[in-house]
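We did not get these values from a lab; they are worked out from the coordinates using the rules stated. What you see is a predicted model; the values in this text were computed from it and never measured. Cβ sites come from the backbone with ideal geometry, for glycine too, and all protein chains shown count toward neighbours.
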Amino acid sequence: MEKILTIQDISCVGQCSLTVALPVISAFGIETCILPSAVLSTHTGGFKGYTFRDLTDDFPSVIGHWKKEGIRFDGFYTGYIGNPKQIDYILQIFDELSKDGAKTTVDPAMADYGKLYSGFDENFVEEMKRLIAKADYALPNITESAFLTGTEYRETHHTKEYIEKLCVGIKELGAKNVVLKGVNFKDGEIGVATYDGNELSFHTHERIDKNMHGTGDVYASCFVGATANGAELKEASAVAANLTLSAIRKTLPDKNHWYGVKFEKIIPEIVEFTENRKR
Ligand code: PXL
């Protein structure tokens, strides 16, 4: 895979969405094209009074120009979408701007810790189901899966049956593969579940007891970078988990850094992964 398109917002300050995806996926050696869904002064998770410029109205002319130029992509990755009206344009992009075999990764990026993000509602959840239906890889967290499948939200101490129910529910929406983030069976551990319709697998690691904003975006960007380098579902999900954990560890020493993850510090590890894959 050479060139992917990622569609999500620019939060000018906040270490999330495009300011993560662009450097991280590039470090995997992949040309990373962007379509900003919105421009915000900061992310919405803890800052007060952020600005929000919706870019939906630019989508048709951007798509039209790319079509005219014959621009096509080897893969797509969608994240935070500021306006549900963008879903139809995004489906059009998948249909009309794909190279053969292009793979689509959808991070529903709309909720966490049992709640929808500020500005999102049930209608958005319904619209997101239409995007999930087109995903080769859907990357929801537990909260998003609960909303998308109409299942109760459980924060911790999940059972295998609960995780299976969420994964099967997301698969039934049409996603080919599911990577469920934030799976917790016992104290001190956290991980991801993967489900391809046959096998439900788990990758578990140490849980660091601090909620950090933007870890989902670091995870999804690393997952996209790993799959673009040929990693399969289980490998890519584990690579992304290990890299995200490393970024979290590298953020911890700075006690005042509250709004994001210091993903910049794992760029050398990403480059090393990419170099090793080439050999
Ligand atoms: O990290 C997800 C995300 C992306 N973009 C914006 C956000 C959030 C989460 O709150 O507010 C603008």
Residue-span extension gain [D95 to N123] - 0.36 nm each, minus C-alpha spacing: 7.7 nm
Sites E172 and V13, calculated FRET efficiency, Cβ-Cβ separation with R0 51 Å, nearest 0.05: 0.85
Amide N proximity, the range 201-243 versus F185 label position 7 Å along Cα-to-Cβ, cut-off under 12 Å: 201-205
Distance in nm between pseudo-label sites at E235 and K3 (7 Å out along the Cβ direction from Cα): 2.6
Share antiparallel - DSSP beta bridges, the chain, percent rounded to 5: 45
For the range 12-67, fraction of C-alpha pairs farther apart than 12 Å, in %: 71
Axial C-alpha extent at least 30 Å, average Kyte-Doolittle at least -1.0 - helices from the chain (DSSP): none
Potential extension, R249-D196 segment - 0.36 nm per residue separation minus Cα distance: 16.1 nm
Relative packing of peptides 258-267, 136-145, 210-219, 196-205 - highest average C-beta neighbours within 10 Å first: 136-145, 210-219, 258-267, 196-205
Helical contribution to [θ] at 222 nm, DSSP H n ≥ 4, -39,500 (n - 2.57), averaged over the chain, rounded to 500: -12000 deg cm²/dmol
For the range 1-46 versus the range 147-168, the gap between their alpha-carbon centres in whole angstrom: 29
Distance between modelled label sites at H205 and D57, nm, 7 Å Cα→Cβ extension: 4.4
Relative frequency of Cα-Cα separations exceeding 36 Å in the range 3-278, percent: 7
Extension reserve of the E272-I71 stretch, reckoned as 0.36 nm per residue once the Cα distance is removed: 69.4 nm
DSSP bridge pairs, the range 2-152: antiparallel proportion in percent, nearest 5: 20
